[in-house]
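See structure below.
All of the numbers you see were taken from the coordinates with simple rules; none came from a lab. Nothing here was measured: the structure is a model prediction, and the numbers come from that model. As a convention, Cβ positions derive from the backbone with ideal geometry for all residues, glycine included, and neighbour counts pool all protein chains shown.
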Amino acid sequence: MLSAIALGSNVGNRIDNIKKAIDLLSENVEIIKVSNIYETEPWGYTEQDSFLNACVLINTEKKAEELLEICKKIELELKRQKRFKWGPREIDLDILYYGELIIEKEYLNIPHKYMFERDFVVVPLNDISPNWKHPIYKKTVRERYNEIDKSKIKII
């Protein structure tokens, strides 16, 4: 199943955190494409350091719940500390979409419910999957990308 995962880091060696997370992901799923890495302002809680963000397009036969478990294990392996909602993090991995599936559970929402609200997700996602169409909003990533202000997002 083609899926996309967003990665973000604003604590420690941000670029190493993202690269290590991608390496660990590649041990569990087939990586098809990796976006550029972007520096972005924090979202939600803004009184913190800027983030580095990227997205990866993957292919996997694992179920969405198994993929979520892999992402959480990678976060633990890279020493992510739970602080507070939208706070600083060593690494964050979010499943953005899992094919065309719509999943609404307490612990898993696919497509990610904030993905089209977050420019720091849309920009790298456009690098790897511009033609993916959101099954709820009925808009492609490219269409959403063309609507946003990219002036505060810097490629690394």
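Quick notes
- Candidate set from region 37-70 (those that are β-branched (Val, Ile, Thr) and either in contact (Cβ under 8 Å) with a residue 40 or more places away in the chain or touching a helix residue (DSSP H, G or I) at 6+ places or on another chain (Cβ under 6 Å) (or both)); member that is surrounded by the most Cβ atoms within 10 Å (Cβ to Cβ): 56
- Residues that are out of contact with any strand residue (DSSP E or B) (no Cβ under 8 Å at 6 or more places or on another chain), surrounded by fewer than 13 Cβ atoms within 10 Å (Cβ to Cβ), more than 15 Å from residue 39 (Cα to Cα) and in contact (Cβ under 8 Å) with a residue 12 or more places away in the chain do occur in region 126-147.
- As a summary of the residue check, residue 17 satisfies the conditions (1) touching a helix residue (DSSP H, G or I) at 6+ places or on another chain (Cβ under 9 Å); (2) touching a residue at least 12 places away in the same chain (Cβ under 8 Å); (3) more than 26 Å from residue 146 (Cα to Cα) except for the one numbered (1).
- Within region 83-107, the residues that satisfy the criterion of being more than 25 Å from residue 37 (Cα to Cα) and among the aliphatic types (A, V, I, L, M) are 101, 102, 103.
- Taking (1) touching a Lys or Arg at 6+ places or on another chain (Cβ under 7 Å); (2) of a type outside the set (A, V, I, L, M, F, W, C); (3) under 22 Å from residue 22 (Cβ atoms) in turn, residue 63 satisfies each apart from (1).
- Selection status of residue 7, surrounded by fewer than 20 Cβ atoms within 10 Å (Cβ to Cβ) and of a type outside the set (Gly, Ala, Ser): no
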